[in-house]
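Derivation of every value follows stated rules applied to the coordinates shown; laboratory data play no part. In this text the structure is predicted, and so the values were computed from the model without any measurement. Every residue, glycine as well, gets a Cβ built from its backbone with ideal geometry; the counts of neighbours run over all protein chains shown.
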Amino acid sequence: MLTLLMHSGVLALLAAFMIAAATGEPAEPSWSDIMPEGAQLEKVAGGFQFVEGPIWTHRGTLIFSDIPADTLYEWKGSAPPDVFRKPSHNTNGNTLDRQGRLISCEHTSRRVTRTEPNGAVTVLADRYEGKRLNSPNDVVVKSNGDIYFTDPPYGIKPEQEELGFYGVYRLTPHGKLTLLVRDFVRPNGLAFSPDEKRLYIDDSERQHIRVFDVRPDGTLANGRVFADMHGDKPGVPDGMRVDSRGNVYCTGSGGVQVFAPSGKRLGVIAVPEVAANCAWGDSDAKTLYITASTGLYRIHLKIAGARP
């Protein structure tokens, strides 16, 4: 009987792989595919006020924000990190464009900016249809240069709002700003799938991740809930990244929650502080750097991340 059950299990596994091969879809990953045995979370630096927006640069350094401290830091491999820019206009999310330039979401200035190679700051977007943006929060760049960003009201007071909604936007390299979605309560982190056919966006208030199909013209369609992130530990959906196999990593309750491309929850990278954002780093892109309240953490994983 045991032999028969084992034989049936092997056949079922082989059938799953055959179906995956036939459909072109990879086999469902497991937690052990991602997390090395004995992997430990390491604290890299601490003593901050509230850190966010990590991004690994082409120089092999990590830039991240301390929002209340009004400072952008650059970590070069040893503590303490250097000040990259202060004041930072309470910068939150950061990413790189295809030329390696820093793209940032600034809260108090209510704008999206680009840092030029000479250090000058170029304003890319600060208004939509003549009204000031709320407080741009997080940002990603598509391979064609289009910039996608979220615009909740976290950095302003209610009386400062001009738009009356909290949107997700697309900014083309030619400067055209388009509102893509406006029905989020608190849009926050976002990330493309490796093939850029999907865009994941989380809603901190609703505590879920939605996924949209990305049309050839860059607009979004077929929005649906990808994963529920309610939990009994501190943290709400915030920063998000995707690895090279399409698994989704989103900070939230308990640390960094990891989901398969199907939406199945694979596991949680536990973090001792409330995790706000994450980014792939190091030369092999297999180290996940995590900004969490007052500390910067990292953990080495098995799968390389998808990064600019």
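Once the Cα atoms are used to define both axes, helix 2-23 deviates from the longest principal axis of the chain by about 40 degrees. In the structure shown, the pairs LYS86/LYS176; LYS43/LYS302; LYS86/LYS157; LYS43/LYS76; LYS264/LYS302; LYS76/LYS286 are assessed against 21 Å; a Cα-Cα span above that value is assigned to LYS86/LYS176; LYS86/LYS157.
GNM remark for the chain: springs join alpha carbons under 10 Å apart, and the peak mean-square fluctuation among GLY130, GLY246, GLY60 falls on GLY130.
With θ taken as phi - 60° and the Karplus curve 6.51 cos²θ - 1.76 cosθ + 1.60 applied, the whole-hertz 3J(HN,Hα) list for segment 296-303 is 10, 10, 8, 8, 8, 10, 7, 9 Hz, x standing for glycine and proline.
Counting each DSSP H run of 4 or more residues in the chain as -39500 (n - 2.57), what helix-only mean residue ellipticity at 222 nm follows after dividing by all residues, to the nearest 500 deg cm²/dmol?
-2500 deg cm²/dmol
Under a 5 Å amide H cut-off, with hydrogens placed 1.01 Å from N, CYS278 pairs with MET240, THR291 among residues at least 5 apart or on other chains.
If you place +1 on the Cβ of every Lys and Arg, -1 on the Cβ of every Asp and Glu, and leave all else neutral, what size is the dipole of the chain about its Cα centre, to the nearest 20 Debye?
The calculated dipole for the chain is roughly 400 debye.
Couplings for segment 175-186, taken from phi via the Karplus curve 6.51 cos²θ - 1.76 cosθ + 1.60 with θ = phi - 60°, read x, 7, 9, 10, 7, 9, 9, 9, 9, 7, 7, 9 Hz in order; Gly and Pro are left as x.
For PHE226, the residues 5 or more places off, or on other chains, whose built amide H falls under 5 Å of its own are ILE209, ARG210, VAL211. For segment 118-123, backbone phi angles converted through the Karplus equation (6.51, -1.76, 1.60; θ = phi - 60°) give residue-by-residue couplings of 8, x, 5, 10, 9, 7 Hz, Gly and Pro being listed as x.
Between the alpha-carbon centres of segment 265-308 and segment 240-259 there is a gap of 9 Å. Averaging the sequence gap over all C-alpha pairs within less than 8 Å and six or more residues apart, then dividing by the number of residues, gives segment 35-300 a relative contact order of 16 percent. Only Lys, Arg, Asp and Glu carry charge here, each on its Cβ (+1 for the first two, -1 for the last two); on that basis segment 145-304 has a dipole of about 460 debye about its Cα centre.
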